[in-house]
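Working notes for the structure below.
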Amino acid sequence: MKRRSILTGVLLGVAVVATSRPAVAHVDYVTDGPGAALDALAFLIEVLSNPINAAIFGVSGLAGVVGIAAYLWVRPTIADIVILREKLAGYADLVPWMLRLAVGLPLVGAGFQGYLFAPTVTFDPSANPLVRVLFIGLGFCILFGLATRIVTAVGLLTYLWALTVDPGVVLAMEYVPAFLALLVVGGGRPSADDMLQEVASTEGTYYGRVDPVHHLKAFFDDVTDPFRPYVPTVLRVGMGVAFVYLGLFQKLADPGSGLLVVEKYDLTAVVPVDPGMWVVGAGVTEMLVGLALIAGFFTRGAAAASFVLFTTTLFGLPDDPVLAHITLFGMASAVFTMGAGPISFDHWFGRPAVSDEEPVVPAD
């Protein structure tokens, strides 16, 4: 009987990982206040001292390690993945557009709804009309791709200013790597910058005679060009740090708040395991995905997993603010498109090429 209960617990644990709806939720976004003050280490020890919980973590962890090790040892060539990777490479020029949508839309929403990047850091739009106009203006300019790099620099400075106003803005730390990536790639296409640059640089056009900044855009393009290969690295590391922060500080280090989420949405009715198992499982899952992204380890797989977690979170937590997650959605899409980039496990340990035209095939 005990063996059967442990086996049942292991299967339920797999379900927790697969359907862990609060795994990527910003706890502060969906709770009204702090949870009970609990000692994080004592809570973790108590959860894992339960034989069923220990079996869940032990078996699932061992299965994951063995599966990854076997894959890396065999290095199978799966035609579907090769074709998908080649197709994604053709979308590289659309990454700036993805990032502009991912940053511009939530900035417009923040301006209209009255918050500084993170929905928990609010301001009164009627009492602070200039701040409202600033956010809406930044958002629309980035959406249109108008003076993208200049506006992005202003956006980054605005984020740093907001961080001094309220450290709670750190919950929206994903804006920083997104801004940095946009500073490098610019507006891309389609964008107002691209259209105006084409008109202004064509001899004989009226606009080319009066536009004073198209030479500046060309200069920025030349300056940032050497850094373009590192854009995937900036995005995946930024995403990874955000995941680790959420898993470590909002779940494992603050289990009381995590338990509030489990209780509020009755998550134990979805997967009947110990509430503490939900919190620890969500925190560990989040940290593992984050560490995989930081290391560039099976990067596209980690990005796809994060995308699935975002989606299930939004559907599973009905009052979780959608706009607050759009930036992470866009970053996950960009990372899935570009892969790990340099300075990554996938880049260093990619399997041999499958053809002469394919010099390196990443491990993801």
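The values are calculated or read from the model by the stated rules, or taken from the named source; none is laboratory data. Since we're looking at a predicted model, the values are computed, not measured. Cβ placement follows ideal geometry from the backbone for every residue including glycine, while neighbour counts extend to all protein chains displayed.
Helices (runs of 4 or more DSSP H) fully within segment 31-104 that include at least 2 residues being of a type in the set (Gly, Ala, Ser) and either touching a strand residue (DSSP E or B) at 6+ places or on another chain (Cβ under 8 Å) or touching a residue at least 24 places away in the same chain (Cβ under 8 Å) (or both): 51-74. Scan (1) free of Cβ contacts under 8 Å to residues at least 60 places away in the same chain; (2) out of contact with any helix residue (DSSP H, G or I) (no Cβ under 6 Å at 6 or more places or on another chain); (3) in a helix (DSSP H, G or I) for the single condition Val244 breaks and write down its number. All conditions are met except number (2).
Residues in segment 213-242 that are modelled with pLDDT under 85 and charged (D, E, K, R): Lys217 only.
Kindly check whether there is at least one residue in segment 168-181 that is outside any helix (DSSP H, G or I), under 20 Å from the mean Cα position of the chain (by Cα) and not aliphatic (A, V, I, L, M). Among the residues of segment 168-181, at least one is outside any helix (DSSP H, G or I), under 20 Å from the mean Cα position of the chain (by Cα) and not aliphatic (A, V, I, L, M), which makes the answer yes.
Out of segment 107-145, which residues are touching a residue at least 60 places away in the same chain (Cβ under 8 Å), part of a helix (DSSP H, G or I) and closer than 16 Å to Thr327 by Cα? Within segment 107-145, Gly109, Ala110 meet the criteria. Number of residues in segment 203-233 that are among the charged types (D, E, K, R) and outside any helix (DSSP H, G or I): the value is 2.
A search for C-beta distances below 8 Å between a residue of segment 281-297 that is over 18 Å from Phe310 (Cβ atoms) and any residue that is surrounded by fewer than 21 Cβ atoms within 10 Å (Cβ to Cβ) and not hydrophobic (A, V, I, L, M, F, W, C), counting only pairs 6+ apart in sequence or on different chains, returns Gly296/His347. Taking segment 263-278 as the range and being crowded, with 20+ Cβ neighbours inside 10 Å and in a helix (DSSP H, G or I) as the test, the residues that pass are Leu267, Gly276, Met277, Trp278.
Scanning segment 246-258 for residues that are touching a Gly at 6+ places or on another chain (Cβ under 8 Å) and surrounded by fewer than 20 Cβ atoms within 10 Å (Cβ to Cβ), we see that the one that is modelled with the highest pLDDT is Leu248. Residues that are touching a residue at least 40 places away in the same chain (Cβ under 8 Å) and hydroxyl-bearing (Ser, Thr, Tyr) were ranked within segment 178-236; the one that is surrounded by the most Cβ atoms within 10 Å (Cβ to Cβ) is Thr233. Inclusion of Arg100 among residues that are crowded, with 18+ Cβ neighbours inside 10 Å, within 30 Å of Ala118 (Cα to Cα) and at pLDDT 85 or above is warranted.
Taken over segment 146-157, residues that are in a helix (DSSP H, G or I), touching a helix residue (DSSP H, G or I) at 6+ places or on another chain (Cβ under 9 Å) and over 13 Å from Ala110 (Cα atoms) amount to 8. Here Leu309 meets the list (1) in a loop (DSSP other than H, G, I, E, B); (2) modelled with pLDDT under 90 almost entirely, failing just condition (1). Out of all the residues in segment 212-231, is one or more among the hydroxyl-bearing types (Ser, Thr, Tyr) and over 24 Å from the mean Cα position of the chain (by Cα)? No. Here the condition is being modelled with pLDDT of 90 or more and either under 17 Å from Val231 (Cβ atoms) or of a type in the set (A, V, I, L, M, F, W, C) (or both); of Val95, Val82, it holds for Val95 alone. Phe315 meets the conditions (1) at pLDDT below 85; (2) touching a Gly at 6+ places or on another chain (Cβ under 6 Å) in every case but one. The failed one is (2).
Phe329 satisfies every condition listed in (1) modelled with pLDDT under 85; (2) part of a helix (DSSP H, G or I) except (1).
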